[in-house]
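I have placed the structure first, in the form of structure tokens, so that the comments after it can refer back to it.
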Amino acid sequence: MANGDVKPTFVQSLVAGGAAGTAVDLLFFPIDTIKTRLQSAQGFTRAGGLSGIYKGIGSVVVGSAPGAAVFFSTYETMKKHSPLPQNLAPVNHMLSASVAEVTACLIRVPTEVIKTRTQTMTYGALGKSSLAAAKQVLANDGWSGFYRGFRSTIMREIPFTSLQFPLYELMKARLSRKLQRKPLYAHEAAVCGSIAGGIAAALTTPLDVLKTRVMLDLRNPSKEKLPSLRSRMVAIYVNEGVRALFAGVVPRTLWISAGGAVFLGVYEWAVHGLMVLPA
């Protein structure tokens with residue numbers, strides 16, 4: 001086990017983050033599909049129901065590792081070089097996680113667009129696979145189509161990580177003091193990650209619903225004016241009620257709670273394993 005005072009290098013965070021992202025996205029993909037279909041405007045059954053729950057997994061295979069790798073390497077670098085004093089550690093974690101999420105979304109959003117449209121069979125027979133859906137996005141919307149929902153994704157991710165990571169770091173610090181041991185073992189960090197992720201997931205579900213609706217909107221913004229994010233959120237509330245804003249909250253919370261355990265547990269296990277390797 002690595003010394004608790006030693007911080008992972010950029011490369012160690014990159015490799016461990018890639019491993020963590022791939023592990024969690026592949027393991028919990030069916031739950032993500034169910035959540036996305038519950039949130040879609042056409043409804044769960046018309047979006048595919050319980051059939052083909054691995055549709056869209058190709059985009060995850062391509063995007064998970066680089067997206068998570070960029071997130072963790074940015075997060076650890078920001079934490080390490082922050083000018084903020086130790087008593088402002090939660091603010092440091094919040095800012096570091098937010099910057100890391102925005103950076104990672106440059107990679108994550110295109111794969112999310114392809115994934116959600118494949119999961120919900122948005123293109124019908126023309127988009128049966130991730131590659132086919134990607135071709136439809138490019139043909140219909142151009143390269144900018146891959147970033148449909150970028151702002152709504154950022155709107156979801158910044159509050160989510162601003163809740164998850166300060167809470168995760170706080171729980172790890174308190175558990176370390178209680179056990180008088182640092183760093184924690186991977187399974188101990190995984191429990192902290194599970195609780196922090198579940199709380200953040202439940203509270204930010206309306207923003208996740210908004211992100212899904214924007215990504216599934218096939219209208220061409222160059223030909224017609226699309227509603228603002230605020231007006232979309234209001235429309236969901238007025239036309240479909242509060243329940244629609246929390247559509248998929250149970251699978252989302254279960255997925256991210258369990259996923260947070262795997263994501264952060266695998267990351268801690270991998271990064272500490274890399275840190276004890278001989279230089």
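The values are calculated or read from the model by the stated rules, or taken from the named source; none is laboratory data. On a predicted model such as this, the values are computed, not experimentally measured, just so you know. Cβ placement follows ideal geometry from the backbone for every residue including glycine, while neighbour counts extend to all protein chains displayed. Ligands, DNA and RNA are excluded from the accessible area calculation, which covers all protein heavy atoms including side chains. Shrake-Rupley method; radii C 1.70, N 1.55, O 1.52, S 1.80 Å.
Remarks
- Boolean, Q136 is open to solvent by 20 Å² or more (accessible area, probe 1.4 Å) and in a helix (DSSP H, G or I): yes
- Condition met for G52 (at positive phi, open to solvent by less than 10 Å² (accessible area, probe 1.4 Å) and not charged (D, E, K, R)): no
- Filtering the stretch 58-73 to residues that are open to solvent by 50 Å² or more (accessible area, probe 1.4 Å) and either at pLDDT 95 or above or farther than 18 Å from G127 by Cβ (or both) leaves only P66.
- Residues being open to solvent by 60 Å² or more (accessible area, probe 1.4 Å), part of a loop (DSSP other than H, G, I, E, B) and of a type in the set (D, E) - total across the stretch 212-264: 1
- Selection status of Y185, farther than 19 Å from V109 by Cβ, at pLDDT 95 or above, aromatic (F, W, Y) and open to solvent by 80 Å² or more (accessible area, probe 1.4 Å): no
- Residue in the stretch 107-115 that is open to solvent by 50 Å² or more (accessible area, probe 1.4 Å), part of a helix (DSSP H, G or I) and of a type in the set (K, R) present: yes
- Across the stretch 46-69, a minimum of one residue is classified as assigned to a loop (DSSP other than H, G, I, E, B) and without any contact (Cβ under 8 Å) to a residue 12 or more places away in the chain.
- Every residue from the stretch 33-45 that is assigned to a helix (DSSP H, G or I), out of contact with any helix residue (DSSP H, G or I) (no Cβ under 6 Å at 6 or more places or on another chain) and surrounded by fewer than 24 Cβ atoms within 10 Å (Cβ to Cβ): L38
- Test: residue in the stretch 3-13 that is surrounded by 14 or more Cβ atoms within 10 Å (Cβ to Cβ) and hydroxyl-bearing (S, T, Y): yes
- Checking each residue in the stretch 141-190 for being assigned to a loop (DSSP other than H, G, I, E, B) and either farther than 17 Å from D208 by Cβ or without any contact (Cβ under 8 Å) to a residue 40 or more places away in the chain (or both) picks out G142, Q180, R181, K182, P183, L184, Y185.
- Of the residues screened, L88 is one that is aliphatic (A, V, I, L, M) and exposed (fewer than 15 other Cβ atoms within 10 Å of the Cβ).
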